[in-house]
Amino acid sequence: MEKQLWNLKFLLFVLLCFTTLTSVQAQQSQITGKVTDADTGEGIPGVSVLVKGTTRGSITDIDGFFSIMASPDESLMVSFIGYTTIEEIVGNRSTVNILLSQSEQALTEVIVVGYGTQERKEITSAVTSVKAEDFNQGTVNDPRQLLQGKVAGLNIARPGGNPNAGFAMRLRGISTVGENAEPLIVIDGVIGGDLATVDPNDIESMDVLKDGSAAAIYGTRGSAGVILVTTKTGRTGRVVVDFNTSMAVENVARTIPVMSAEEYRQVPNMVDLGGNTNWLDEVTRTAFTHVHNLSLGGGTESTTYRASVNSRNAQGVGINSGFNQLNARLNLTQRALKNKAVFTANIAATTIDREFGNENSFRYAIVSNPTVPVRSALPQDVQFGGYTERDIFDWFNPVSIAEQNIADGRDSRILASLRGEYNFTSNFSAAVFYATQREKDWRGSYSPKTAKFGGGFGRNGLARIQNDERLNELFEATLNYNTDLGRVNMALLGGYSFQEFFNQGNFMEAGDFLTDAFTYNNMGAALDFANGLASVGSYADKNRLVAFFGRANFNFEDTYLLSISARYEGSSRFGVDNKWGLFPAISAGVNIANLVDITGVSAMKFRASYGRTGTQPNQSYLSLLRFGRQGNFFFNGQFVPSFGPISNPNPGLSWETKDEYNVGLDFVIFNNKLDGAIDYYTRVTTGMLLPINVPVPPNLFPQTILNIGEIQNSGLEVMLNYRAIQKSNFRWTTGINFSTLSTNLRSLSAGDLSFGEVNYRSNFGSPGQNLTQLIRIQEGGPLGQIWGPIFDGVNEDGSPRMKDLNGSGDYCNCNEDRAQLGTAYPTFNFGFNNTFNYKQWDLNFFFRGSIGHYLINSYRGFYENLEGTTVQNYNIVNTKYYDPRITKAEYNSSHVEKADFVVLDNATLGYNFFIGPGRNVTRLRAFLSVQNPFMFTGYTGVDPEVRYVDSETQDPLAPGIERRATYFTTTITTLGVNVSF
């Protein structure tokens, strides 16, 4: 903590030093005026009035009036969403009145694409841009949350409210059943950038390249889509300081209903241990989060800068969970050589100190007998630190898990990049780019001598330390040439890319400590080292990517558009016979509104595209014959480590290939009130990277990574934005996006090799249900098939009766009597946004939903019954499906629930205080935000959010299972202030 405070003081000192870069302004005076709608004659509130070349600005009040300090030789830039930006010279006037006309802003905004930018009207691929003003609000600790529900086809999910858990992202469904299923992240040009290096307050925009033609320029890493993150930069003028601060309160929103102690005591054959414990309350708390962001920016005509410091302290609702994070960022741009040379430097540093807590405390809080007291003075419990423990299978004291076991972490990130560009002429330029990203993850855990859970009791204290480091270095050189050939405008791009990755790490685990006082900080004190019982390991690997790429864009009279691109890329992770691959793309569009005069249509563009992208293996050296540690053997009086094969050679190992076709329509209609985009896509992924069982001999290892199988996805995506009311004192803007998805696993074979025409993944687990089959993988069927027997009532002995499906006359407990019970992936996702402005008030609320997916409710499958093992050892899950006649725990269709949901993700109410002329403060806004205040769903588990992988096995082929260690969902209430100076 002291180190963080020192870093913060140093960074603040650096920020203050930058204030010396401001220039001396000419004599300024107060300028007043009114901004009026050219069509209605009404004043427009909320309009931005900015002195050109500076960050000196003002916002119009409810009647459209503004006041600003400016000199006679300066110009005012007046802009507002949906209107054409106006530039007005001040001159000798003290009053400047301005008329604004509505614009076709929806198709003229600048969008970031791979290695450049384009106006939306020229883009012929499926690209969605989300600007800072459209981001999700409230307490947002992960940049992924900014996009959640905002982009049609992009699904972002995090079941539960664990502050240290990441968000799973899937773009247009499942692009692979192996690894690398998430979109590629590019931060200010750094390919593979870590979003932990970017604070949400520092992001200017996030552009999502959805189809193959847009992503093909990134080759072997574009198969799951690409997200381009652009951070905020400085502007010329005086220093502008922004300070944002907020405090949030977080509480449990959803758990799963279980019996209270009074209800449990009414159950036959229950075990009453005299307590009255609400275990859910015991392991949770009201959590507090505070966020502080300070930034300043400015500069001169030749130098601009923006520097920021962000501090986040977030508690989790689970005991001993949360994190402290400190981000710092500096973006600097320097012009030289008569503005022909432009140098850009970006530096970001992040440290995160984590307390992971333990989600298993939630699991056992749900299933624990409510008559068990938390603590006990009985002799058998003294050895466990006074926590009550029972000598039964699969039960641990939830409070002991949370309070005794230590699980800490520290993440460090440094991302630095330098770009130099030289403009030889107005239409020809060259640039070089270098970036380095260094990531370090440290983990330390300790289970004390008294902890039954975590291994400490059995090992006389158990400690583990792990270090992982990753280095990513990128060098790129590009050439850009633009020319106007009369009726045709042409833009050409050519480039070279070299990227190298290096990974290394080590770990040690040891027990048998003399005291718990050291925790994990004195590993040498563990007697396991002397007794040969400690575990120690290390690793190192690296890989390289080399690419040549190019793109040509043609614009014929702003009507006919064509884009062609290709990337030729080689990876050291491929087999010796397949090091290189070609990833081409072509897209075309036509601006229909330029050809046909359609009443009410301001702009309409039809586009079509094709693109090929790839996915490389997630590990290095998979194509080689490798040997690894296989245990020890005793030789000459001592144990000697032995080695054996851990992979077979595969010189033909190659990339997964995704071919995608997309047709779309962009439009602005109803006098610029309604704009939107409609896309339909279909894509086929072939040569998926999967481990296949092979015979030994002739192979040395029983599995080989092969390119095998084929998936087809298709879907419809729609995004609409409607400026419903735009009056002087009241404005309402609404928007909706939705997407559909259909997935078919066309093949799991290649030649004579097969992953299996039908394959089953995951099982329920202990106690007593290890032989279940939950997820079915079938050629010709959809991915994520939830599989099992169909519930058909209750037998006389209290066991669930299963339906006889094969007509044999009796349930056979075999696949012939099992069926598909649902699918794990939603068929329909949507987001619904509304923004209201009334005078100085603003209100925004955003709904998000997923329809069509199912979840296996593991809690009900194990504990919603009156089996003797359940009643005497655990609590009873008590949902609306509870049936006291059932006395045997046995997984079936009744435990598979439709998990459709609609959630109010965020509602924010803000007030913008009027700031008079001559004040140091130029903007002051206070807001109140509530996240996840309510959810509409029929699902009875903890969280109906989509599960893309099995959280217990991390198997991407086994989605749709809510396991018994789900962190509870939460509601967050945030109060904050935004101030600008």
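Which residues, taken from the stretch 572-585, are surrounded by fewer than 20 Cβ atoms within 10 Å (Cβ to Cβ) and in contact (Cβ under 8 Å) with a residue 12 or more places away in the chain?
First pass over the stretch 572-585, keeping only residues surrounded by fewer than 20 Cβ atoms within 10 Å (Cβ to Cβ): 572, 575-580, 582, 584.
Answer for the stretch 572-585, where residues must be surrounded by fewer than 20 Cβ atoms within 10 Å (Cβ to Cβ) and in contact (Cβ under 8 Å) with a residue 12 or more places away in the chain: S572, G575, V576, D577, N578, W580, L582, P584.
Which of the strands (runs of 3 or more DSSP E) found entirely inside the stretch 48-114 contain at least 1 residues meeting this: modelled with pLDDT of 85 or more and in the same structural domain as G298 (by TED's automatic domain parsing)? Even if it seems obvious, please write down each step before you answer.
Numbers: elements: 48-51, 57-59, 65-70, 75-79, 86-89, 98-100, 110-113.
Fully inside the stretch 48-114 and qualifying: nothing.
I need the full set of residues from the stretch 828-851 which are among the hydroxyl-bearing types (S, T, Y) and outside any strand (DSSP E or B), in order please. Break it down into steps so the answer makes sense when it comes.
Step one: list which residues in the stretch 828-851 are among the hydroxyl-bearing types (S, T, Y), which gives 835, 838, 850.
None; the set is empty.
Could you figure out which of (1) out of contact with any Gly (no Cβ under 6 Å at 6 or more places or on another chain); (2) of a type outside the set (A, V, I, L, M); (3) in a strand (DSSP E or B) isn't true of D810?
Exception for D810: condition (3).
Just to verify a result, which residue in the stretch 222-269, among those that are part of a loop (DSSP other than H, G, I, E, B) and of a type in the set (K, R), is farthest from V871 (Cα to Cα)?
Of everything passing the filter in the stretch 222-269, R235 is farthest from V871 (Cα to Cα).
Condition check: surrounded by 22 or more Cβ atoms within 10 Å (Cβ to Cβ), modelled with pLDDT under 95 and over 30 Å from E204 (Cα atoms). Does G357 satisfy that?
Yes.
Please go through the stretch 326-338 and give me each residue that is surrounded by fewer than 21 Cβ atoms within 10 Å (Cβ to Cβ) and closer than 19 Å to N244 by Cα, ordered by number.
L330
Could you please find all residues in the stretch 391-423 being touching a residue at least 24 places away in the same chain (Cβ under 8 Å), over 22 Å from S445 (Cβ atoms) and among the charged types (D, E, K, R)?
R419, E421
Would a scan of the stretch 711-718 turn up a residue that is small (G, A, S) and out of contact with any strand residue (DSSP E or B) (no Cβ under 7 Å at 6 or more places or on another chain)?
Looking through the stretch 711-718, none of the residues is small (G, A, S) and out of contact with any strand residue (DSSP E or B) (no Cβ under 7 Å at 6 or more places or on another chain).
Can you pull out the strands (runs of 3 or more DSSP E) entirely within the stretch 679-793 that have at least 1 residues that are surrounded by fewer than 18 Cβ atoms within 10 Å (Cβ to Cβ) and touching a helix residue (DSSP H, G or I) at 6+ places or on another chain (Cβ under 9 Å)?
Here the list reads 758-761.
With the requirement that a residue be modelled with pLDDT of 90 or more, in a loop (DSSP other than H, G, I, E, B), over 21 Å from K150 (Cβ atoms) and of a type in the set (F, W, Y), what does the stretch 906-949 give you?
Hit for the stretch 906-949 is Y939, nothing else.
The rows are residues; the columns are (1) touching an Asp or Glu at 6+ places or on another chain (Cβ under 7 Å); (2) not in a strand (DSSP E or B).
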| residue | (1), (2) |
| --- | --- |
| T450 | no, yes |
| G454 | no, yes |
| F457 | no, yes |
| R464 | yes, no |
| N472 | no, no |
| E476 | no, no |
| L479 | no, no |
| F507 | no, no |
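Mind checking whether some residue in the stretch 846-856 is in contact with a Leu (Cβ under 6 Å, 6 or more places away or on another chain) and more than 25 Å from V758 (Cα to Cα)?
The answer is yes, given that some residue of the stretch 846-856 is in contact with a Leu (Cβ under 6 Å, 6 or more places away or on another chain) and more than 25 Å from V758 (Cα to Cα).
Name the single residue that is nearest to the chain's Cα centre (by Cα) among those in the stretch 883-905 being in a strand (DSSP E or B) and farther than 30 Å from G768 by Cβ.
D905
Tell me which residues, restricted to the stretch 339-348, are surrounded by fewer than 19 Cβ atoms within 10 Å (Cβ to Cβ) and not polar (S, T, N, Q).
The answer is K340, A341, V342, F343, A345, I347.
Would you be able to say whether some residue in the stretch 542-560 is within 30 Å of S447 (Cα to Cα), at pLDDT below 95 and over 30 Å from the mean Cα position of the chain (by Cα)?
No, there is no match, as no residue in the stretch 542-560 is within 30 Å of S447 (Cα to Cα), at pLDDT below 95 and over 30 Å from the mean Cα position of the chain (by Cα).
Kindly evaluate N331 against the criterion of being within 30 Å of A402 (Cα to Cα) and among the polar types (S, T, N, Q). Working first, answer last.
Working: within 30 Å of A402 (Cα to Cα): no; among the polar types (S, T, N, Q): yes.
Criteria not met by N331.
Which pairs do you get when a residue that is within 16 Å of V240 (Cα to Cα), found in the stretch 921-934, comes within reach of a residue that is among the basic types (K, R), reach meaning Cβ atoms under 9 angstrom, with the pair 6+ apart or on two chains?
Close Cβ pairs satisfying both conditions: T922/R56.
Looking only at residues that are crowded, with 21+ Cβ neighbours inside 10 Å and of a type in the set (S, T, Y) in the stretch 298-312, which one is nearest to Q325 (Cα to Cα)?
It comes out as S308.
Quick one: in the stretch 936-949, of everything that is crowded, with 21+ Cβ neighbours inside 10 Å and of a type outside the set (V, I, T), which residue is nearest to N759 (Cα to Cα)? Explain how you work it out, then say what you get.
Let us first name the residues in the stretch 936-949 that are crowded, with 21+ Cβ neighbours inside 10 Å, namely 939-948.
So of that shortlist, the ones also of a type outside the set (V, I, T) come out as 939, 941, 943-945, 947-948.
Working: Y939: 28, G941: 27, D943: 28, P944: 26, E945: 25, R947: 19, Y948: 18 Å.
Ranking the candidates gives Y948 first.
The conditions are (1) under 14 Å from the mean Cα position of the chain (by Cα); (2) outside any strand (DSSP E or B), and I174 fails exactly one of them. Which is it?
(1)
Working only within the stretch 950-971, note down all residues that are in a loop (DSSP other than H, G, I, E, B), buried (at least 16 other Cβ atoms within 10 Å of the Cβ) and not small (G, A, S).
Matches in the stretch 950-971: P956, L957, P959, R963, R964, T966, Y967, F968.
Give T255, T233, T286 a once-over and let me know the one that is under 30 Å from R919 (Cα atoms) and in contact (Cβ under 8 Å) with a residue 24 or more places away in the chain. Walk me through it before giving the result.
Values: T255 fails: under 30 Å from R919 (Cα atoms); T286 fails: under 30 Å from R919 (Cα atoms).
One residue alone meets the criteria, T233.
Being within 29 Å of R470 (Cβ to Cβ) and either among the β-branched types (V, I, T) or part of a strand (DSSP E or B) (or both) is the filter here; which residues of the stretch 512-533 pass it?
T519
Restricting the stretch 60-79 to residues that are touching a Pro at 6+ places or on another chain (Cβ under 8 Å) and more than 13 Å from Q28 (Cβ to Cβ), which is surrounded by the most Cβ atoms within 10 Å (Cβ to Cβ)?
In this case the residue turns out to be T60.
The values are calculated or read from the model by the stated rules, or taken from the named source; none is laboratory data. What you are looking at is a predicted structure, and each value in this text was computed from that prediction instead of being measured. All Cβ positions, glycine included, derive from the backbone under ideal geometry; neighbour counts span all protein chains shown.
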